[in-house]
Structure formats: C-alpha cells, structure tokens
1. Enter the accessible area of residue 156 (Å², nearest 10), with the probe set to 1.4 Å and all protein chains included.
2. Per residue, how large is the accessible surface of the range 119-167? Use a 1.4 angstrom probe and give square angstrom.
3. When the accessible area of the range 127-169 is split by element with a 1.4 Å probe, what percent falls to carbon and sulfur?
4. Rounded, prolate or oblate: which fits the range 11-62, taking a ≥ b ≥ c as square roots of the Cα gyration tensor eigenvalues, rounded meaning a/c under 1.5, else prolate when a/b beats b/c?
5. Please report the spacing between the Cα centers of the range 74-93 and the range 115-159 in Å, no decimals.
6. Keeping all protein chains in place and using 1.4 angstrom, which order do 195, 141 fall into by accessible surface area, from largest down?
Amino acid sequence: GLFSKTKFQNGCKLACVRLLALQGMYESAVEMALDMNDVALAKEHASGPDDVTEQRALWLIIAKYLVKQTPPDVQGTVELVASSGVLRIEDVLPFFPDFVVIDNFKDEICDALEDYSRQIEDLRNTMQESTKSADAIRKDIRDLRGRACYVSSNQRCDSCNLSLLSRQLYVFPCSHAFHADCLRDIVLPTLPDHIRTQVVANWGRRSGVGSAAEVEDSIASSCPLCGDIMIDSIDQPLGTQAEARAWKLPDRTI
C-alpha cells in the first residue's frame with residue numbers, strides 16, 4: 001500500500017497499475033488505468049481474476065467509462081462487449097442516455113434477441129420433454145397400482161420346492177416365488193459384508209417398519225433367478241472348492 005502510494009505520487013502510474021494487479025487488486029488497477037485514460041490497459045487487467053462474476057464487474061466499469069464520454073463512445077462500447085467474453089449488449093444498454101440512436105448497435109441487439117429466442121425455444125423443448133416424462137411416470141404409477149400377483153394353493157417355492165403358502169413368502173413380477181428365509185439364504189452370499197450384517201441383525205425384528213423396509217430393500221430388490229443377482233453371478237463357479245475337490249477323480253496308474 002505505502003509503496004503503491006509512493007509510486008503514484010512520483011507519477012509512475014503504469015507501474016502502480018501493474019503492482020495493483022500483481023497484488024490481486026484488479027478493481028483498483030482498472031480504475032487507475034481509466035484515470036490515465038488508458039482503456040487498453042484497463043481491458044488487459046479486467047480479465048485478470050479467475051472468477052467470472054468479478055471479471056464481469058470489471059468490464060462493466062470500463063463500459064460505464066466509455067458511455068460517460070462526451071459524446072458516448074458507442075462503437076467502443078460495442079467492441080468492448082464483443083472482446084470481453086463475459087458481457088452482452090443488454091448489460092450495457094442501461095448505461096446509455098435516452099437520446100442515443102439505436103441504429104449504432106442495432107445488429108448487436110438483433111443478435112441478442114435471436115439468442116434469447118433460441119434459449120426460449122430450448123426451454124420450451126425441455127419443458128415438453130419433462131411433461132412427457134412426468135406423464136410416463138404417472139402412467140407407470142397407475143399401472144403399478146393395478147398390478148397384482150396370484151399365488152395358487154399348490155404353488156411351490158422356487159428354491160426348496162416346498163409349498164409356498166406354508167410360511168412368509170415373496171413373489172416377484174416375473175412370477176418366481178420364494179419363502180422369505182429361502183430368499184434370504186440365496187441373496188445373503190451376494191451382499192457386501194456391511195449390508196449382510198445389517199440383514200442378519202434385523203431379520204428377527206422385521207415387525208418394525210424401518211427394519212422391514214431395510215431387509216426388503218436388501219434381499220428383495222430383484223429376482224435372484226432372473227434379475228441382477230443372476231446376471232452378476234454369471235462369472236462365478238457353479239460349485240464351491242470343497243465340491244470341486246469331492247468330484248476330483250483319483251490318479252490311477254496304468
């Protein structure tokens with residue numbers, strides 16, 4: 001601060017602008033450059049900050065400076081908008097007095113209006129797609145409310161082959177059905193350790209709403225015979241290592 005003040009008092013304004021920019025004081029650097037009537041130097045440091053919002057504020061300072069000239073530097077302001085990369089023509093229009101002829105930046109205004117028109121069209125298309133997705137979800141919900149699975153009196157568990165109605169059961173939309181404990185025994189080995197521990201801990205307390213929901217989310221999320229579990233197990237061996245050793249034939253010497 002003291003060094004900058006000393007340099008400024010000695011007339012070394014250019015060096016002071018550079019020093020302010022190096023210190024990250026870009027707003028002070030831009031304002032000092034404009035005090036020197038050096039718009040090019042101000043533009044150079046307006047893009048210094050990494051934050052786009054801060055850059056935009058610095059470019060607006062330069063735009064205000066150009067508009068306040070007598071007469072207002074319309075062409076310079078239009079060129080400033082084009083070179084900034086962060087300003088649009090509508091950002092600087094409020095700075096101009098009412099008597100400025102619009103023909104000076106008619107093309108830029110037309111481009112801005114066309115851009116807004118494209119944005120509105122994109123938003124309209126997005127809204128239409130969202131509406132279609134919402135309608136599809138509502139239809140799926142209605143279909144789910146009317147969907148039911150029927151279990152016959154002689155249907156058997158697809159795991160143990162005993163009567164399905166003998167104890168608590170799960171029926172999947174694919175029509176595969178399992179006793180709750182049979183489904184648990186099939187799914188448990190496929191679960192991560194921490195989820196397997198939670199299922200085992202909550203299995204005896206499934207009367208609680210929270211515990212029941214956690215258990216069902218873990219073991220009944222998909223059918224073990226035709227769902228994700230079966231797909232994920234396609235690269236697993238069909239038997240255990242103990243079974244493989246039991247099937248190994250003894251070596252025979254001929």
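The values are calculated or read from the model by the stated rules, or taken from the named source; none is laboratory data. What you see is a predicted model; the values in this text were computed from it and never measured. Accessible surface areas use protein heavy atoms only, side chains included; no ligands, DNA or RNA. Shrake-Rupley method; radii C 1.70, N 1.55, O 1.52, S 1.80 Å.
1. Accessible area of residue 156: about 120 Å².
2. On the way: 4280 Å² over 49 residues.
Per-residue accessible area for the range 119-167 comes out at 87 Å².
3. Numbers: 1900 of 3740 Å².
In the range 127-169, the share of accessible area belonging to carbon and sulfur is 51 percent.
4. Numbers: a/c = 2.43, a/b = 1.42, b/c = 1.71.
The shape class here is oblate.
5. Here the answer is 46 Å between Cα centres.
6. Working: 195 45, 141 75 Å².
Final ranking, largest accessible area leading: 141, 195.
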